[in-house]
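Q: Attaching a single structure in structure tokens format; questions to follow.
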Amino acid sequence: MTPAPVTAASRGMMLCHACGLLARAAPHSHDAACPRCGAHLHLRKPDSITRSWALLLTAMICYIPANLLPMMYTSSLFGSESDTIMSGVVYFWTSGEWYLALIIFIASIMVPLMKMIALMLLLVSVQMRSRWQLVQRTKLYRVVEAVGRWSMLDIYVVAIMVALVQLKALATILPGPGAIAFGAVVVLTMFAAMAFDPRLIWDPVEEQRG
Ligand SMILES: [Zn+2]
């Protein structure tokens, strides 16, 4: 039989995120500081679940105007129009540029949606103190965190779309309120993922053993 793995938390120790010193945790202390470098110490990110939920719910609310409000206003010699993400997708799809339609659909509609669903799954399962698929859920968190850094891709897509249209016609393009809501979704889901402490996934295992 392999000996049970030891965690710092189970031994009442905390790791300093700044200098790496292992310090003894004072019980129930909320503002402990690293004895060597003075950085904030905590066993788990403070109020991780509450903060993550708050950011996630705000992102979900912003996702609605991001999809319903116009992403950009185009005005040319032929008149002016406003486009939402979906109408942009439909436009590229019907004009034969299906790969652009696909990129925009995945980057702007699917990826943020999947990210929010994944975060919700992580938060709900942690709150239920679930011991289901621990490794898979930890991997899921890593994916969500990694995607966060790249989901500015969506903003690039808009920029490329603007550039394409600017080149094609004598048109002026202005970003619409949908673009602001969209940027908010990207930033909020990133912060929600940062606020989530993946160690919480493994805490029920500790409790079961101890
Ligand atoms: Zn330190």
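The values are calculated or read from the model by the stated rules, or taken from the named source; none is laboratory data. All values derive from a computational prediction rather than experimental measurement. A quick note on method: Cβ atoms are made from the backbone with ideal geometry, for glycine too, and the neighbour counts reach across all protein chains shown. These accessible areas exclude ligands, DNA and RNA; they are computed on the full protein's heavy atoms, side chains included. Shrake-Rupley method; radii C 1.70, N 1.55, O 1.52, S 1.80 Å.
Q: Can you tell me the dipole magnitude for the chain around its Cα centre, using point charges on the Cβ only (Lys, Arg +1; Asp, Glu -1), in Debye to the nearest 20?
A: The calculation lands at about 880 debye.
Q: Rank by packing, highest mean first: peptides 114-123, 16-25, with packing defined as the count of other Cβ atoms within 10 Å averaged across residues.
A: In decreasing order of mean packing, 114-123, 16-25 become 114-123, 16-25.
Q: Let a ≥ b ≥ c be the square roots of the eigenvalues of the Cα gyration tensor of region 80-127; is it rounded (a/c under 1.5), or, if not, prolate (a/b larger than b/c) or oblate?
A: It is prolate, given that a/c is not under 1.5 and a/b is the larger ratio.
Q: Label points 7 Å out from Cα along the Cβ direction at SER130 and HIS42: separation in nm?
A: With each label placed 7 Å out from Cα toward Cβ, I get 2.4 nm.
Q: Follow-up. Please give the FRET efficiency for GLU206 paired with ALA33, using the beta carbon to beta carbon distance and R0 = 22 Å, rounded to the nearest 0.05.
A: In this case the efficiency is close to 0.35.
Q: Once neighbouring chains are kept in place and the probe is 1.4 Å, which whole percent of the accessible area of the chain is contributed by carbon and sulfur?
A: 70 percent
Q: What number, in percent, do you get for the relative contact order of region 18-72 if the mean sequence gap of Cα pairs under 8 Å and at least 6 apart is divided by its residue count?
A: Relative contact order, region 18-72: 21 percent.
Q: No other cysteine beta carbon under 4.7 Å away is the test; run it over the chain and list who passes.
A: Isolated Cys, the chain: CYS62.
Q: Which three semi-axes in whole Å describe the equivalent ellipsoid of the chain, each the square root of 5 times a Cα gyration tensor eigenvalue, listed largest first?
A: Taking √(5λ) for each Cα gyration eigenvalue gives 45, 18, 14 Å.
Q: Another question, if that's okay. Could you sort the peptides 70-76, 196-202, 132-138 by per-residue average Cβ neighbour count (10 Å cutoff), highest mean leading?
A: Averaged packing, sorted descending, gives the order 196-202, 70-76, 132-138.
Q: OK, next. Between ALA8 and LEU102, take the C-beta separation as r, use R0 = 41 Å, and let me know the FRET efficiency to the nearest 0.05.
A: 0.35
Q: Calculate how steeply helix 48-68 sits against the longest principal axis of the alpha-carbon atoms of the chain, using the helix alpha-carbon long axis, and give the answer as 0 to 90 degrees to the nearest 10.
A: Taking the Cα atoms of the chain, the angle to 48-68 is about 10 degrees.
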